[in-house]
Amino acid sequence: MSGRVLLIDDEDDIRLSMEQSLDLAGFDVESFSDAQSALELVNFGFRGIVVTDIRMPGIDGLTLMNRVAEIDSEIPVILVTGHGDIQLAVRAMHEGAHDFLEKPFQAQQLADIAKRAMDFRRIVLENRVLRAAAGQADDLEIRLIGRSNAMVDLRRRMRTIGPTEADVLVIGETGVGKEIVARALHDLSPRATKPFISIDCAALPASLIESELFGHEPGAFAGAMRERYGKFEHAQGGTILLDEIASMPIAVQGKFLRVIENRVITRLGSHDERPLDVRFIATSRSPLEEEVAAGRFRADLFYRLNVVTLIIPPLSDRREDIPLLFSKLVQEAASRYRREPPAISPRLISQVNAARWPGNVRELRNAADRYALGVALQPAADADQEPMRLADQVAEFERNVLIGALLSHGGKLKPVYESLGLSRKSLYEKMQKHGIDKKQLGIEAEDQDD
């Protein structure tokens, strides 16, 4: 086979025709009538491409493209468009689509575009392996950027826990990347090729939550005309993310406890138990002990989930990661919008590092997107922080200036010490004093003045 293709089109005849064309061209094709089903099979190390129609009910092609980019921005997405959507497709190319195909098209056109996209994806994955073999950042470091002790320890624990069958509780503030951690754990596990089902416990209507999770039989309640698989069954063999599990109603928590303990479910309106082969990962923005103490969360469920707990630190606890993280996010945004990465000045790095980021990485990513698009940043200083001693403020400022200069000049030392009015020896001493390592900043350009 030439590679794996996820094909999405809500029109049965067109989908079947494209599936046959790709199959004859040697691709391993999985076709879907809706985007959500395909999205559940996408992960960071996905060895294939996505081909999707633009206009579909529910999640359309552009939304799917953006969701795929959030998981891995280097997975090629090919958009299939009608004549009236050409301008939309062209705009999508600027926003990250790999290519587009206008209906009607020849089978060979589809095969050729898919082959080019598959070659691109293969090179991306090979380069990641080579970088890892050379001691550079591996997949986990690319997804969870940071050299602080907290992030190094988090990645270490994830590499240990990921390949196991242990259920995991992930704790972290809004925007720290709880779903990224959950997806990474799934990708590290033997279940990586199976579905990853994300359930937002806070968004499920209380009146429908049992039906949504467990499924139902015909006649189970008014309006239940036919049987329905719940999300738990839909995830067979894979991983279920229970996002913000503290929002799950108490009544449902009792039934969910039985699911975790026995790995069986019973649909609404049925007495038959159905075996369930899944791994559960739950997230919460605050420690569940507080919810238990307040009587909003069952203690027995908490103890069952608390076998393995990962705590993701907020940006306020790892400020040393902010310069590198912001620089990487700006580069990613520039690549996504097909623009040249803008220069990042030492002054801007200092401002970004001193700013409040209550929305954590999500907020920082939005700021990086705006900066990549040419919108000036005006980050606010963190007024809630305890005042720093003058010596500490001076040291922090000097460190940020050095990091900003190194990032601006791509790691080349000569333009850095010349622009800052330092000798080469003084620059080395200051870098050593502040613990600045070019490799840790993701810049390894060779010096030009050796």
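The values are calculated or read from the model by the stated rules, or taken from the named source; none is laboratory data. Please read these numbers as outputs of a predicted model, since none were measured by experiment. A quick note on method: Cβ atoms are made from the backbone with ideal geometry, for glycine too, and the neighbour counts reach across all protein chains shown.
Find the residue count for the stretch 393-415, including only residues that are more than 28 Å from the chain's Cα centre (by Cα) and in a loop (DSSP other than H, G, I, E, B).
The total comes to 2.
With respect to the numbered conditions (1) buried (at least 21 other Cβ atoms within 10 Å of the Cβ); (2) out of contact with any Asp or Glu (no Cβ under 8 Å at 6 or more places or on another chain); (3) under 18 Å from Glu332 (Cα atoms); (4) not hydroxyl-bearing (Ser, Thr, Tyr), which one is the sole condition not fulfilled by Met65?
(2)
Please go through the stretch 148-190 and give me each residue that is in contact with a Phe, Trp or Tyr (Cβ under 9 Å, 6 or more places away or on another chain), of a type in the set (Gly, Ala, Ser) and under 12 Å from Asp243 (Cα atoms), ordered by number.
Ala182
Could you tell me whether any residue of the stretch 111-126 is closer than 23 Å to Phe46 by Cβ, in contact with a His (Cβ under 8 Å, 6 or more places away or on another chain) and either not assigned by TED's automatic domain parsing to the domain that holds Leu305 or not in a strand (DSSP E or B) (or both)?
Yes, some residue in the stretch 111-126 is closer than 23 Å to Phe46 by Cβ, in contact with a His (Cβ under 8 Å, 6 or more places away or on another chain) and either not assigned by TED's automatic domain parsing to the domain that holds Leu305 or not in a strand (DSSP E or B) (or both).
Among the residues of the stretch 234-246, is there at least one that is farther than 22 Å from Phe297 by Cα, surrounded by 15 or more Cβ atoms within 10 Å (Cβ to Cβ) and over 20 Å from the mean Cα position of the chain (by Cα)?
Yes, that holds for at least one residue.
Among Gly175, Gly219, which is of a type in the set (Gly, Ala, Ser), assigned to a loop (DSSP other than H, G, I, E, B) and under 30 Å from Trp357 (Cβ atoms)?
Gly175
Scan the stretch 137-165 for residues that are of a type outside the set (D, E, K, R) and in contact with a strand residue (DSSP E or B) (Cβ under 8 Å, 6 or more places away or on another chain) and jot them down.
Leu154, Met158, Ile161, listed by residue number.
Which residues, counting only those in the stretch 428-439, are outside any loop (DSSP other than H, G, I, E, B) and either among the small types (Gly, Ala, Ser) or under 8 Å from Leu402 (Cβ atoms) (or both)?
If the condition is that a residue be outside any loop (DSSP other than H, G, I, E, B) and either among the small types (Gly, Ala, Ser) or under 8 Å from Leu402 (Cβ atoms) (or both), then Lys430, Met431 are the ones that fit.
Could you tell me whether Arg15 is at pLDDT below 90 and over 27 Å from Asp139 (Cα atoms)?
Judged against the criteria, Arg15 is not a match.
Those residues that are in contact (Cβ under 8 Å) with a residue 12 or more places away in the chain, crowded, with 19+ Cβ neighbours inside 10 Å and outside any helix (DSSP H, G or I), I need them from the stretch 198-216; list them, please.
Scanning the stretch 198-216 gives Ser198, Ile199, Cys201, Gly215, His216.
Would you mention how many residues in the stretch 81-110 are of a type outside the set (Lys, Arg) and part of a loop (DSSP other than H, G, I, E, B)?
8
Can you tell me which residue in the stretch 275-293 is surrounded by the fewest Cβ atoms within 10 Å (Cβ to Cβ), limited to those that are within 18 Å of Ala202 (Cα to Cα) and over 26 Å from the mean Cα position of the chain (by Cα)?
Step one: filter the stretch 275-293 for residues within 18 Å of Ala202 (Cα to Cα), giving 280-288, 290-292.
Restricting the remaining residues to those that are over 26 Å from the mean Cα position of the chain (by Cα) gives 290-292.
On the way: Glu290: 12, Glu291: 18, Val292: 17.
Here the answer is Glu290.
Looking only at residues in the stretch 145-164 that are within 14 Å of Leu315 (Cβ to Cβ) and modelled with pLDDT of 90 or more, which one is farthest from the chain's Cα centre (by Cα)?
Checking each candidate, the answer is Ala150.
So that you can scan it fast, the table gives a plain yes or no per residue for (1) of a type in the set (Lys, Arg); (2) assigned by TED's automatic domain parsing to the domain that holds Ser419; (3) closer than 27 Å to Gln236 by Cβ:
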| site | (1), (2), (3) |
| --- | --- |
| Asp277 | no, no, yes |
| Ser284 | no, no, yes |
| Glu290 | no, no, no |
| Val307 | no, no, yes |
| Asp321 | no, yes, no |
| Leu329 | no, yes, no |
| Arg339 | yes, yes, no |
| Pro342 | no, yes, no |
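Got a sec? Which of Ala89, Ala107 is over 24 Å from Asp200 (Cα atoms), hydrophobic (A, V, I, L, M, F, W, C), outside the structural domain of Trp357 (by TED's automatic domain parsing) and touching a Phe, Trp or Tyr at 6+ places or on another chain (Cβ under 9 Å)?
Only one candidate qualifies: Ala89.
Write out, first by first residue and then by second, each pair whose Cβ atoms fall under 9 Å of each other, whose residues are 6+ apart or on separate chains, and whose first residue, in the stretch 23-38, is assigned to a helix (DSSP H, G or I) while the second is basic (Lys, Arg) and surrounded by fewer than 18 Cβ atoms within 10 Å (Cβ to Cβ).
Ala35/Arg67
Identify, from the list Val170, Val152, the residue that is within 25 Å of Arg362 (Cβ to Cβ), loosely packed, with under 15 Cβ neighbours inside 10 Å and in the same structural domain as Ala246 (by TED's automatic domain parsing).
Of the residues listed, the single one that is within 25 Å of Arg362 (Cβ to Cβ), loosely packed, with under 15 Cβ neighbours inside 10 Å and in the same structural domain as Ala246 (by TED's automatic domain parsing) is Val152.
Could you check how many residues of the stretch 275-311 are in contact (Cβ under 8 Å) with a residue 24 or more places away in the chain, closer than 23 Å to Pro163 by Cα and not in a strand (DSSP E or B)?
Total satisfying the criteria: 8.
Could you tell me how many of the residues in the stretch 261-307 are farther than 30 Å from Glu227 by Cα and β-branched (Val, Ile, Thr)?
Final tally of qualifying residues: 2.
With respect to Glu396, determine if the residue is modelled with pLDDT under 80, buried (at least 16 other Cβ atoms within 10 Å of the Cβ) and under 14 Å from Ile322 (Cβ atoms).
yes
Based on what the data block shows, is Phe302 of a type in the set (Phe, Trp, Tyr) and in the same structural domain as Asp200 (by TED's automatic domain parsing)?
Yes: the conditions hold for Phe302.
Hey, among the residues in the stretch 198-221 that are closer than 25 Å to His271 by Cβ and among the aliphatic types (A, V, I, L, M), which one's farthest from the chain's Cα centre (by Cα)?
Ala220
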